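Inspection log for the structure reproduced underneath, given as structure tokens.
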Amino acid sequence: MLNKLNMPEKMENADIRIMKVVPDMCDDLFEAIESSREFLRQYLFWVDGVKNPADEAASIRMFLENWDKGDSFIYAVYEKNSGRLAGTIDAHAINRNDHVAYIGYWLRKDQTGHGFISKALAPLEKILFDQGIHRIVIMCEVSNLPSAAVAERNHYVFEGIAKERIWSYGEFHDAKIYAKLASAL
Ligand SMILES: CC(C)(COP(=O)(O)OP(=O)(O)OC[C@H]1O[C@@H](n2cnc3c(N)ncnc32)[C@H](O)[C@@H]1OP(=O)(O)O)[C@@H](O)C(=O)NCCC(=O)NCCS
């Protein structure tokens with residue numbers, strides 16, 4: 001079995017900086033969610049549960065527990081020049097037996113169209129592969145064309161549609177499965 005991952009708290013490249021989500025980020029994260037609530041809730045089941053900063057603070061406490069357990073690692077994504085919070089990116093559902101991780105992400109609506117998630121994906125993928133993850137998965141509802149475009153733009157291979165794989169808003173939804181394998185790099 002793969003060792004518990006030891007993820008850095010901060011990574012950056014020319015355009016973006018990603019930093020482990022910590023309690024100090026609560027107000028900025030809540031404001032970002034608030035600014036884009038209708039946009040985000042279409043595909044993110046948790047949005048309705050974040051009604052105020054205290055809800056976000058509770059989420060962050062859970063993120064930190066999961067980080068310590070090695071179950072998931074969530075980073076805030078900042079545009080480097082402005083220092084503005086654009087959204088988050090995470091590695092979750094880490095299966096150390098099979099060396100698999102899933103990637104999730106969201107952006108403020110007004111921060112889409114600049115490649116921020118694509119730019120944040122590169123250092124996150126590199127550290128996951130460096131630490132022994134073999135298979136990175138992006139899964140999105142079939143109707144989520146912008147998320148599928150993230151996977152395709154970043155050379156994930158479409159593997160097929162998992163029927164009724166995602167439960168949200170009281171219904172099961174079909175999901176597109178994209179993967180990038182260490183053996184194919
Ligand atoms: C999914 C989501 C993060 C995609 O955002 P995005 O900005 O399109 O994603 P990227 O970071 O890959 O940026 C790509 C866009 O930036 C543009 N871009 C500009 N510079 C770029 C660069 N250097 N590299 C890549 N793309 C760049 C691309 O042309 C593209 O814009 P377009 O779609 O108008 O052609 C966003 O739609 C979102 O937050 N949706 C709601 C939450 C959600 O669905 N999350 C995923 C659940 S599975």
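Scanning the chain for helices, which whole DSSP H stretches are 20 Å or more long along the axis (Cα) and average -1.0 or more by Kyte-Doolittle?
53-69, 116-130
Could you tell me what a quarter of the Cα convex hull surface of segment 113-167 works out to, in nm² with one decimal place?
Averaging across all directions leaves 4.5 nm² for the Cα convex hull.
For the chain, just the Cα atoms, rotate onto the principal axes and tell me the three extents in Å, largest first.
Sorted largest first, the three principal extents are 41, 36, 31 Å.
Can you show me the helix-derived [θ] at 222 nm for the chain, built from DSSP H runs with n ≥ 4 at -39,500 (n - 2.57) apiece and divided by the number of residues, rounded to the nearest 500.
-9000 deg cm²/dmol
Within segment 1-35, which GluC sites (Glu not before Pro) sit in a loop by DSSP and count at most 13 neighbouring Cβ atoms inside 10 Å?
Sites meeting the loop and neighbour criteria: Glu9.
How much accessible area per residue does segment 10-138 have, in Å², with a 1.4 Å probe?
47 Å²
Run the quick spin-label model on Met62 and Asp48: label points 7 Å from Cα toward the beta carbon, then report their separation in nm to one decimal.
Rounded to a tenth, the inter-label distance reads 1.5 nm.
Rounded to the nearest Å, what's the spacing between the alpha carbon centres of segment 45-75 and segment 87-112? Just the number, please.
First find each Cα centre; the distance between them is then 13 Å.
Express the relative contact order of the chain as a whole percentage, based on alpha carbon pairs under 8 Å and six or more residues apart in sequence.
Reported as a whole number, the value is 19 percent.
First obtain the Kirkwood hydrodynamic radius of segment 32-119 from its Cα pairs, then insert it into the Stokes-Einstein equation at 37 °C and 0.692 mPa s, and state the resulting D in µm² per second as a whole number.
233 µm²/s
Carbon and sulfur together cover what percent of the accessible area of the chain at a 1.4 Å probe radius?
Roughly 51 percent, rounded to a whole number.
The values are calculated or read from the model by the stated rules, or taken from the named source; none is laboratory data. Owing to the predicted nature of the structure, the values given are computational and were not obtained by experimental measurement. Ideal geometry is used to build each Cβ from the backbone, glycine not excepted, and the neighbour counts take in all protein chains shown. For the accessible areas, the whole protein counts, side chains as well, though only heavy atoms, and no ligand, DNA or RNA atoms are used. Shrake-Rupley method; radii C 1.70, N 1.55, O 1.52, S 1.80 Å.
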